[in-house]
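A short worksheet on the structure shown next.
The values are calculated or read from the model by the stated rules, or taken from the named source; none is laboratory data. Predicted, not measured: the structure shown is a model, and the values here were computed from it. Positions of Cβ are generated from backbone atoms using ideal geometry, with glycine treated the same way; all protein chains shown enter the neighbour counts. When the accessible area is computed, the model is the full protein with side chains, heavy atoms only, and any ligands, DNA or RNA have been set aside. Shrake-Rupley method; radii C 1.70, N 1.55, O 1.52, S 1.80 Å.
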Amino acid sequence: MELRFLGGAREVGRSAVLVNDALLLDFGMLTANPPQFPLETPTPEAVVVSHGHLDHVGAVPSLLSGDARPPIHWTPPTYELTLTLARDTLNLHGGTMQCPFTETDVQRVTQVSQTHGYRETFEAAGHEVTFYNAGHIPGSAHVLVDDGETRLLYTGDFHVDDQRGDVASSRANGPEAAVGGQRLVSGSTARPDADIVLCESTYSDVEHDDRAVVEERFAESVQTTLWEGGTVVVPAFAIGRTQELMLVCDAHDIPCYVDGMGKRVTEMLRQYPGFVRDEEAFRRAISHARFVTGRNGQRKRITDQKAAIITTSGMLSGGPAMTYIPEIRANPMNKIAMTGYQVEGTPGRDLLETGSAEIDGRRMPISAQVEQYDFSAHADRDGILEFLESYRDSEVLINHGDRCEAFAEELRADGFDAAAPERGDTVSA
């Protein structure tokens with residue numbers, strides 16, 4: 001088997017791996033100014049996509065801009081999320097160098113799409129492919145590729161439940177039941193046999209706090225602010241994080257509004273209850289939340305409510321957060337609860353480091369309290385090592401991280417056959 005790394009090697013973003021010069025795994029973009037894309041746009045016989053985040057699917061429609069029409073294989077939620085992200089990219093950047101595709105290309109995606117469930121083996125470009133739940137977001141998949149001689153397991157992004165417990169998200173069991181993992185999706189338990197494992201390493205040097213502890217700290221902080229008469233703005237990624245926080249708010253009986261792209265994503269996920277951990281809890285969380293229309297000055301009125309406002313963007317780089325932050329920033333009784341990693345150079349990172357941020361073109365000092373919570377949907381160091389323990393006899397290739405080479409070296413010291421390819425490398429196995 002031959003693997004060519006077009007992106008995602010020793011970096012987080014623009015994941016793209018070409019297998020045997022025929023099967024393309026993911027085709028994403030690296031969010032930057034300007035955005036960065038894989039080294040080249042290949043003409044594969046088929047495409048397989050692991051999950052619906054920009055760094056894995058952001059450039060997929062551009063594969064259809066020429067004459068080629070390769071089938072694109074994914075789970076149903078990943079297909080829907082890709083279309084949502086593509087249309088958002090068109091709305092924001094269509095016709096510029098920041099958007100490598102057109103509306104016509106997005107329409108072509110619908111024509112070549114082929115959806116599959118977990119553990120359903122299908123054929124793609126002469127390979128047998130099987131999806132397994134990766135536990136990252138709804139529809140996220142480990143991808144097992146078999147070319148008849150070699151079995152490759154591409155982890156995509158994944159999350160495993162903490163072995164100290166499990167999530168029982170029913171309110172009947174109380175908020176304290178949220179132990180061990182995400183409320184939205186079950187952690188990955190699949191460990192299919194593989195000769196090569198291509199493993200993400202985003203948090204290879206981080207140990208996440210126990211999720212129940214993080215959740216309880218978040219809930220207590222938000223409730224305290226509301227009791228004191230303040231408002232809490234909760235910047236959140238639209239895909240996965242918004243829905244996770246809706247579930248948390250419902251479990252802890254925190255009144256909440258939901259705004260931004262997360263509304264569309266939530267509505268879409270209602271169609272695929274088999275891809276969430278607890279269908280009833282998800283329905284209850286949707287009923288508990290109030291969805292913002294944005295009409296007639298609604299957003300400014302909401303900032304006077306004693307409620308949590310879950311809104312995009314997660315890094316304060318756009319979206320309805322641009323309305324909410326200026327409205328609540330001057331009152332120290334209010335709070336901004338950041339819930340995701342803040343990339344260097346984003347307003348969210350600036351806010352955490354300096355207490356001010358550039359919002360809608362203006363540098364704003366923030367008097368409201370600012371807090372950061374780790375609701376990561378990636379496996380941490382212990383989770384990655386627990387996962388890889390099943391593959392001590394396999395070749396391990398490390399990607400999707402800021403310290404891939406260092407982590408591969410640590411694995412070699414522990415007896416693994418591990419390496420970290422560079423972008424542009426071709427690896428034969």
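When each of the peptides 19-28, 275-284, 252-261, 353-362 is scored by how many other beta carbons lie within 10 Å of its residues on average, the order from highest to lowest is 19-28, 252-261, 275-284, 353-362. Result for the chain in a Gaussian network model with C-alpha springs under 10 Å: among PRO38, PRO192, PRO61, the largest mean-square fluctuation is at PRO192. When Rg and the Kirkwood radius Rh are both evaluated on Cα atoms of the stretch 305-421, their ratio Rg/Rh stands at 1.17. By the Cβ rule of 4.7 Å, the chain holds the following cysteines without a possible disulfide partner: CYS99, CYS199, CYS404. Spatially, the stretch 196-270 and the stretch 127-160 are offset by 26 Å when compared through their Cα centroids. Solvent-accessible area of the chain (1.4 angstrom probe, protein heavy atoms only): carbon and sulfur portion equals 43 percent. In the context of the full set of protein chains, the chain has a per residue accessible area of 39 Å² (1.4 Å probe). Relative protection proxy for 407-416, 315-324, from highest mean packing down: 315-324, 407-416 (other beta-carbon atoms within 10 angstrom).
Summarise the long-distance tail of P(r) for the chain by giving the % of C-alpha pairs beyond 34 Å.
Working: 26902 of 91806 pairs.
Within the chain, distances greater than 34 Å cover 29 percent of Cα pairs.
The phi torsions of the stretch 243-257, fed into the Karplus equation with coefficients 6.51, -1.76 and 1.60 and a -60° offset, translate into couplings of 5, 4, 6, 4, 5, 5, 4, 5, 4, 9, 6, 9, x, 8, 10 Hz, rounded to whole numbers, with Gly and Pro shown as x. Each of the peptides 99-105, 66-72 was scored by the mean count of other Cβ atoms within 10 Å over its residues; in descending order, highest first, they stand as 99-105, 66-72.
Contact order, relative form, for the chain: 17 percent (alpha carbon pairs under 8 Å, 6 or more residues apart, mean separation divided by residue count). The distance linking the stretch 59-88 with the stretch 312-366 is 31 Å (Cα centroid to Cα centroid, whole angstrom).
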